[in-house]
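See structure below.
Here, each number is a calculation from the coordinates, and none is a lab measurement. Everything numeric in this text was worked out from a predicted model, so none of it was measured. Neighbour counts run over all protein chains shown; Cβ positions are idealised from the backbone, glycine included.
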């Protein structure tokens with residue numbers, strides 16, 4: 001049985017969401033879950049769930065917690081944190097991957113230090129998944145791991161994002177674009193213009209520049225950008241979704257008078273919320289590290305945690321990191337490594 005470690009102390013609602021998500025995953029996904037955290041606290045929360053004692057769930061003790069207020073350097077000083085112990089379980093082969101809704105910077109630094117990087121990868125990248133009007137999700141990479149990037153790093157992100165889209169999201173020939181301010185090749189900043197010829201030289205279905213509005217059209221499957229731009233796009237998207245849900249809910253309550261219309265509209269609204277709900281996508285995989293690392297939103301609920309465990313299992317089964325290493329070596333050669341430096 002595939003084993004996934006969960007940082008039970010990391011999120012805003014820890015350990016409640018983490019434990020409930022682990023219980024749901026163990027019941028429905030056929031995986032074993034290691035809940036890593038302060039043993040007494042996690043055990044009390046687990047006892048709230050009927051039948052949990054018969055599920056493939058174990059508690060692994062870690063006495064320290066890295067909080068959202070801690071600096072990134074806390075991963076060095078808190079050597080027995082739940083985050084670091086979970087990453088160590090992956091490095092030692094006890095778990096196939098780990099999931100955390102904790103301090104994003106600390107999770108990335110911990111995974112990079114403890115698990116190490118896939119050979120050929122200069123920097124790991126966070127891959128966000130967003131819904132589109134076509135119904136097929138789009139991968140945006142990087143959404144926050146690397147604020148400053150080189151053209152070679154963007155090329156590596158493109159290769160990693162394409163593999164994610166093809167293997168996990170089952171897009172047969174993912175269309176890859178680079179996020180810019182216009183479709184023409186000469187549009188963009190120094191970074192995007194320098195990355196353009198490098199991306200064209202790769203064995204990818206590269207379609208050139210795409211604009212911000214193209215994130216949601218379904219006309220591109222992988223969008224490459226630096227972590228600064230990607231994180232801004234992600235946060236704007238989250239805020240827009242929350243506003244649309246709020247306004248739509250208000251409009252429905254204000255205008256619906258007939259019961260049948262109310263029921264139908266509530267059904268449509270529920271479907272809309274599910275399509276745009278981040279929790280349905282679990283978390284963002286940190287691509288390029290050895291083993292699997294899934295980083296969740298700090299306010300992740302139990303459904304998000306369950307789906308993050310599912311994504312971690314799928315990544316392990318799909319051997320994504322091995323494929324990234326193989327394709328970086330075979331498809332891109334030394335030219336990306338040279339450009340990345």
Which of 83, 108 has the fewest Cβ neighbours within 10 Å, and the rest in rising order: 108, 83
log10 of Debye I(q)/I(0), alpha-carbon scatterers only, for segment 40-136 at 0.12, 0.19, 0.23 Å⁻¹: -0.52, -1.01, -1.21
Scaled radius of gyration (Cα, divided by 2.2 N^0.38 Å) that segment 120-240 gives: 0.93
Mean Cβ neighbour count within 10 Å, used as a protection proxy, ranking 112-125, 232-245 highest first: 112-125, 232-245
Gain in span if fully extended, residue 133 to residue 148, counting 0.36 nm per residue against the direct Cα distance: 2.3 nm
Separation between Cα centres of segment 79-103 and segment 190-223, rounded to whole Å: 33
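Using the number of other C-beta atoms within 10 angstrom as an exposure proxy, rank 247, 286 with the fewest first.
Numbers: 247 10, 286 24.
By the 10 Å Cβ count, ascending, the order reads 247, 286.
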Bridge type composition, the chain - antiparallel percent by DSSP, nearest 5: 25
Largest-first principal axis extents of the Cα set of segment 45-99 (Å): 39, 27, 16
Length gained when the stretch residue 211-residue 92 is fully extended (0.36 nm per residue, less Cα-Cα span): 38.6 nm
Cα centroid separation - segment 285-329 against segment 121-174, whole Å: 12
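Going by average Cβ density within 10 Å per residue, which order do the peptides 305-315, 319-329 take, highest to lowest?
By packing density, highest mean first, the sequence is 305-315, 319-329.
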Ranked 99, 90, criterion: other C-beta atoms within 10 Å, fewest first: 90, 99
